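Colleague: Structure provided below as structure tokens; questions to follow.
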Amino acid sequence: MNVKTISRNVGYALLVSALFMFLSVIVSVMNGNDSALTALVISFLITFIVGVFPFIFVRRASQITLKDGYLIIVLSWILSFIFGMLPYALWGGPFSLANAWFESVSGFTTTGATILDDVEMLPGSLLFWRTSTHFIGGLGVVVFLLLVIPDSSPVRLRLTNMELSSMSKDGYSSRTNTIVRIFAYVYLALCLLAFAAYVLAGMPVFDAVCHAMSVCATGGFSTRTLSIGAFDSRLIEGITMVFMLLSSIHFGIIYMALVKRSLEPLNNPVLKFYVGAIVLFSLFEAVVFRAEGISDSFGNALWDGTFHTLCVVSTTGFATLDNSTWPAVAHTAFLVLGFMCGCSGSTSGGLKADRLLLLFKAVGCRISRILNPSSVNEVKLGTRLLRDAEIAPHLLYITLYVLVLCISSILAVTFGLSGQDALSGSLASLGNVGPAMGDIGTYGSFNAVPNAGKMLFTIDMFLGRIEIYPILAVLAMMFTSGKK
């Protein structure tokens, strides 16, 4: 284990958090030195000193092993969570240590679940820090540090391969190093466009900044207790829907469509499957909303159904309706959407539409082989023919994902949650969706969840964000260290 390389690269990640804490301090000063100023200044100084320490006292080391890479990824995220909770904990109010930890993890993993019953009680600078954690986590704590490591560095190449899921690179021809910059360019461009659109739609500048960072990170933190519904504007809701969709599809597809100035890249089987699922579930929710009287016309029902379908499937978690009043059939749709979620290569969480489509195709291929043993049946994804060896890891990941979901749900029940809250909370946390159902739904909060349940859900958030395997790799290293 190369401590020098690990400490320097983890230091990069902490300096990113320190930068946004400093920006939050500036926001506080602009707001007339609001009540979070002291907490943010102390948090910035602590995070900056710890982050810069390796660059002063540790000499540069360029070698990195596989174990070092996984430790860098896991430690960068965990330490970002720990230092990210400082502004909350030092400010106080509803933020006990458990609540500050929950809010920090939820922010960085872009989950968007909250312990706040009244979001607007927070000072503006703390609201800015809260959505800044979304902005950092949306692109990825590790991706931020990759952007400052030279392209030729072996550290950068290996970390890039580890941080990016293989699903996000499938069918995309750019070099691995280039993919990081492309993702960053598209992400920043979407944030700027979302900000401009919100301002033009009449949203106050501060709210526009925060919501742009939140929607493009598919996070869901809002500056208002009633979320997007507080603005009571169809135009703002429409803008939000557009950017929820764009932020939940593969950034490489968006980039290639712009570079080629062609719609050809949109002829992607995963994208068509994803959009088709959105259309289908939006219509389904519309029928339910109209039949149950949740919406007063089919047009409004279709709008509300589409908005909330996108909120869940993109894992953004905004809201215009209280889903605790929805019928069971609408909640069932929520569970399905929360399981699938967006596309790989985007900021959305969840299992990913790519894997679900691959599962359907693999099952179909297997049935064909049973019915026609002598025929040649292969899984085809677009123009690619996939071998069993390429499919197996993704099917194994689906199995692992479901296993974690089941264990989490059972544990949540033992911690005192109802069956509905346990299942929907675990699904929403593991999928980084945010709001769940019932008391922890769109207009509820996780404040009343026991501390053990909060800790469980934050573990789910972390596992879902980095796709489980890095955590298992580090745990395996810990338990096998010292063994021959």
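Colleague: Tally Lys/Arg at +1 and Asp/Glu at -1 over every other residue whose Cβ is under 10 Å from the Cβ of residue 274; what's the total?
Modeller: With Lys, Arg at +1 and Asp, Glu at -1, the neighbours total +1.
Colleague: Over the alpha-carbon set of the chain, divide Rg by the Kirkwood Rh and report the Rg/Rh ratio to two decimals.
Modeller: 0.96
Colleague: A follow-up question, please. Where in region 92-124 does the amide nitrogen come within less than 15 Å of the point 7 Å from the Cα of residue 38, taken along Cα to Cβ?
Modeller: So the set is 92-93.
Colleague: For region 232-297, what percent of Cα pairs sit more than 16 Å apart?
Modeller: Every Cα pair in region 232-297 considered, those over 16 Å come to 63 percent.
Colleague: Sticking with this one: Which value in nm describes the separation of the simple spin-label points at residue 235 and residue 366, placed 7 Å from the Cα toward the beta carbon?
Modeller: Label-label distance for residue 235 and residue 366, simple model: 5.2 nm.
Colleague: Let me ask something else. Provide the net charge surrounding residue 320, with neighbours chosen by a C-beta distance below 11 Å and charges set as Lys +1, Arg +1, Asp -1, Glu -1.
Modeller: My count for the surroundings of residue 320 gives -3.
Colleague: Could the peptides 71-82, 22-33 be put in order, highest first, of the mean number of other beta-carbon atoms found within 10 Å of their residues? Intermediate values should be presented prior to the final figure.
Modeller: On the way: 71-82: 22.3, 22-33: 17.4.
Ranking the peptides 71-82, 22-33 by packing returns 71-82, 22-33.
Colleague: Counting other Cβ atoms within 10 Å of each Cβ, which trypsin sites (Lys or Arg not before Pro) in region 368-457 have at most 11 and sit in a DSSP loop?
Modeller: Those satisfying the criteria are 387.
Colleague: Once you mark the GluC sites (Glu not before Pro) that are in a DSSP loop and have at most 14 other Cβ atoms within 10 Å, what is the longest gap between them in the chain?
Modeller: 1-291
Colleague: Please work out how much accessible surface residue 326 shows to a 1.4 Å probe, ignoring ligands, DNA and RNA, in Å² rounded to 10.
Modeller: Rounded to the nearest 10, that gives 20 Å².
Colleague: Distances longer than 15 Å among the Cα atoms of region 311-369: what percent of all pairs is that? Present the calculation step by step, with values, prior to reporting the outcome.
Modeller: Details: 1004 of 1711 pairs.
Tail of P(r) above 15 Å: 59 percent of Cα pairs.
Colleague: Continuing with this model, one more query. All other residues with a Cβ under 15 Å from the Cβ of residue 40 taken together, and with Lys, Arg as +1 and Asp, Glu as -1, what is their net charge?
Modeller: -1
Colleague: Out of 257, 283, 43, whose Cα points farthest toward the positive end of the dipole of the chain (charges: +1 Lys, Arg; -1 Asp, Glu; placed on Cβ)?
Modeller: My answer, from the dipole projection, is 257.
Colleague: Let me ask something additional. Would you mind working out the accessible area per residue for the chain, using a 1.4 Å probe, and quoting it in Å²?
Modeller: 41
Colleague: Take the solvent-accessible surface of the protein heavy atoms, probe 1.4 Å, and return the percent of it on region 252-376 that carbon and sulfur atoms account for. Can you show the working numbers first?
Modeller: Working: 3560 of 5510 Å².
Exposed carbon and sulfur together represent 65 percent of the surface.
Colleague: When all protein chains stay in place, what accessible area (Å², nearest 10, 1.4 Å probe) is found for residue 45?
Modeller: 90
Colleague: Let me ask you something else. Can you compute the FRET efficiency between residue 477 and residue 56 using 1/(1 + (r/R0)^6), with r the Cβ-Cβ distance and R0 = 30 Å? Round to the nearest 0.05.
Modeller: My answer for the efficiency is 0.60.
Colleague: Another question, then. As I understand it, the dipole of the chain uses +1 on the Cβ of Lys and Arg and -1 on the Cβ of Asp and Glu, about the Cα centre. Which of 239, 381, 221 lies farthest toward its positive end?
Modeller: 381
Colleague: So what are the three principal axis dimensions of region 173-234 from its Cα atoms, in whole Å, longest to shortest?
Modeller: On the principal axes, region 173-234 reaches 44, 21, 19 Å in Cα extent.
Colleague: If you bin the C-alpha pair distances of region 326-484 every 10 Å from 0, what whole percents do you get?
Modeller: That works out to 10, 32, 29, 19, 9, 1, in percent per bin.
Colleague: Apply 1/(1 + (r/R0)^6) to the Cβ-Cβ distance of residue 120 and residue 196, taking R0 = 25 Å, and write down the FRET efficiency to the nearest 0.05.
Modeller: Values: r = 25 Å, r/R0 = 0.98.
The computed FRET efficiency comes out at 0.55.
Colleague: Another one. For the residue pair residue 263 and residue 410, what label-to-label distance in nm results when each label sits 7 Å from Cα along the Cα-to-beta-carbon direction?
Modeller: Here the modelled spin labels are 4.9 nm apart.
Colleague: Still on this structure: What does the charge dipole of the chain about its Cα centre add up to, to the nearest 20 debye, if the Cβ of each Lys and Arg holds +1 and the Cβ of each Asp and Glu holds -1?
Modeller: Dipole about the Cα centre, nearest 20: 2160 debye.
The values are calculated or read from the model by the stated rules, or taken from the named source; none is laboratory data. Since this is a predicted model, take the numbers as computed values, not measurements. Note that each Cβ is placed from the backbone with ideal geometry, even for glycine, and that neighbours are counted across all protein chains shown. Ligands, DNA and RNA are stripped out before the accessible areas are found, and what is left, the full protein with its side chains, is counted by its heavy atoms. Shrake-Rupley method; radii C 1.70, N 1.55, O 1.52, S 1.80 Å.
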